[in-house]
1. Run the numbers on chain A and let me know its relative contact order in percent, using alpha-carbon pairs under 8 Å that are six or more apart.
2. May I ask for log10 I(q)/I(0) of the protein assembly as shown at q = 0.07, 0.08, 0.09 Å⁻¹, from a Debye sum over the Cα atoms as equal point scatterers with solvent left out?
3. Just A:255, A:208, A:345 to compare: in a GNM of chain A, with alpha carbon springs under 10 Å, which one fluctuates most?
4. Label points 7 Å out from Cα along the Cβ direction at residue B:139 and residue A:186: separation in nm?
5. Note down the relative contact order for region B:63-149 as a percent, whole number, built from C-alpha pairs under 8 angstrom at least six residues apart.
6. In terms of Cα to Cα distance under 22 Å, which lysines are near enough to residue A:66, apart from those fewer than 8 places away along the same chain?
7. May I ask you to work out the translational diffusion coefficient for region B:13-61 at 25 °C, viscosity 0.890 mPa s, via Stokes-Einstein with Rh from the Kirkwood sum over Cα pairs, reported in whole µm²/s?
8. Go ahead and run the numbers for FRET between residue A:277 and residue A:24, Cβ-Cβ distance against an R0 of 56 Å, rounding to 0.05.
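Any read-out appearing in this document is the output of simple, stated calculations on the displayed coordinates, not a laboratory observation. Everything quoted here is computed from the prediction, not taken from an experiment. As a convention, Cβ positions derive from the backbone with ideal geometry for all residues, glycine included, and neighbour counts pool all protein chains shown.
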Amino acid sequence: MAGIKDATAVVGIGQTPFAKQLPESEKALACRAILAALDDAGIAPAEVDALASYTMEETDEVEVAKAVGLGDLSFFSKVGFGGGGSCATVAHLAGAIASGQATVGVAWRSRKRGSGPRPWKNTDVQLPTPAQWTRPFGLLRPADEIGMLARRYMHEYGATRDHLFNVALACRNRANQNPAAIMYERPLTREMYMTSRWISEPLCLFDNCLETDGALACVIVSAERARDCRRRPVYVHSAAQGLPAQHHGMVNYWNDDPLTGPAWSAARHLWKHADFTPEDVDVAQIYDAFTPLIPLSLEGYGFCGRGEGAAFTEGGALEIGGLLPINTGGGGLSEAYVHGFNLINEGVKQLRGTSTAQVPGAATCLVTAGEGVPTSALLLRA
Amino acid sequence: MKTYTNEALLSPVLDDDGAPFWQYAAQGELRIQACSDCGELRFPPRPCCPHCHSFESEWRKMSGRGRVWSYVIPHPPLLPAYAEQAPYNAIVVELAEAPRIRLVGNLVSGPEAPLNSVLPERLRIGARVQVAFTEVNGMSVPRWVLERA
Ligand SMILES: [Zn+2]
C-alpha cells in the first residue's frame, strides 16, 4: 500500500494580522489568508483544485472559490468538532492529492472569535443530547467541561496549578518572541498567574486561550511538485484522525476512562505509519485551548506515561532548549486562537527554519488538533 | 435579601432517547437505561445497546446514592441566571451501584436551595451524596445533597 507518507508537502502558508477585533469580515480575512499562502507558494489561484476547512467555517467553498479565482475544484472537504478538525484539513488534502483526486489543495480557517459571539451563549442549539445532561446544571462553557476533567486529573495524578502555569508560561515566552502574537509585549509571571481571576476553578484566566479575530491558510501539493516550489517543502509524514470508542466529546464523563481522550487513538495511527518515534520529535505544536490539554496530549501522543504529563512540564521542558519545546509561536494561549490553524503554520515555519523562536536544526514536528473532542494530528518533516 | 431565580435556569431539551429519564424524574425516581437483553446499563441514553445491539431497553431504578467524581466552580462570564448564583458548583457524581454511570449535577444544601448553597470549601472528590429532586420551569431535575453520616 502506497499510503500518504511523505507523498505531499506544505509549500505555502499565509495569515492575516491577529487582533481582538479586525475591521474586515471573516470572508475577506479568509480570502487574504488564502491569497497570502498561494503567493508564498508561488502558485496561481487558478491552479487550486482542492479545498478543506472546518464545518464551523462560515465562508463556504463557493464563496472562497469565486472570490479568489480558483480553478475547477475536484475535491472539497470539511471536518467537524471545532478545533479537533485543524490537522485533518491538511490530512484530507494530503490523502486527496496522494490518491490523485486533486493536485493543489488549500486548507484554511477564518474566524472572528475575538469580536464575534461566544458560541456557548447560544442557548438554542446546544441543549439536545448530550447538553440536556450537562448545561441545565451550569456546566455551560468549554472551560467548565474541561475544568471538570482537569480537576479529576489533578486529583488522580497529583498535578498542580504550577504544572498548568508551566504550560501557560512556555506559550507566553514564545509569544514574547513573536511580533505577530497578541501577547508579544506582555510577559507573564507566576504571581500574575496565581492571583488572576477564576474562570472555572481549577482553571484561571491564564489557563484559557485567547479570543481572536484572524485567518490562516496553507497550500499542499505532491512531493514532486513541491521540489519546484519557491519555499523549502515541509513534508506531511504521517496524519491521523481519532474518535475513540465510547467517546462523548468535551463532556467525556461516561466511559471507563474519561482521561484517555482522542489523542490516544489518533496517536496510535499516527505512529504506526511513521518512520520515527516521540523521542525523535524536535518541536511540537500542541493544541492549547486550555492548559490541561497539554499534559493530557503529552501522554496521549506518547511523550510520557499515563499520569506523567504534568511532571513532564517541570524544569523548563517545554521551553526552547528543553526536552520538548512547544507552541513556539505562542499557541492558542498567547499567539492567537484560530482553532489551532496557527499551530499548523508554526510547524511549517519551524521546519523551514524561519520561526521567531527557532529550535536549532528542527527536522521533525508534531502538530495536534483539539484534545477532548474528536481530533487529528500531523507529523511534519523537513 | 434577593432570592435566586430558578426559572431562568436552562431546562433540559428532551429527545426520544432521554425522555423517559425526565418522566421518571417527575415521579421522584432516578432511573438509568439498561439493555433488556444483556442487562448492561448505558448513559447517556441511546437507541441501541453498544454491547449486544439490542433495541430493547428498560429503565432500572437506582438507589440515588453516589460519590463526587469531580467538580468545578464556574465564575462569570456566564448566562445571566447562572452568573447571578456564581460562584456555584457543578459536579459529576458516580452512582454507587454503577460507578461508570456518572451524572452531572449540583451539590446543594437542600433540594430547593440555590446552586451556591454549599460552600466551595466543602466540596471534595469522593464525598458521598444522595439525589434529591427539585422543580425548574415545571420540570423535575435532580440535585445532590451530602449524605448524612
Ligand atoms: Zn445489550
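1. RCO, chain A: 26 percent.
2. At q = 0.07, 0.08, 0.09 Å⁻¹ the computed log10 ratios are -0.40, -0.52, -0.66.
3. It is A:255.
4. 3.8 nm
5. That works out to 30 percent.
6. The qualifying lysines are A:27, A:78, A:112.
7. For the chosen part, D equals 227 µm²/s.
8. 0.85
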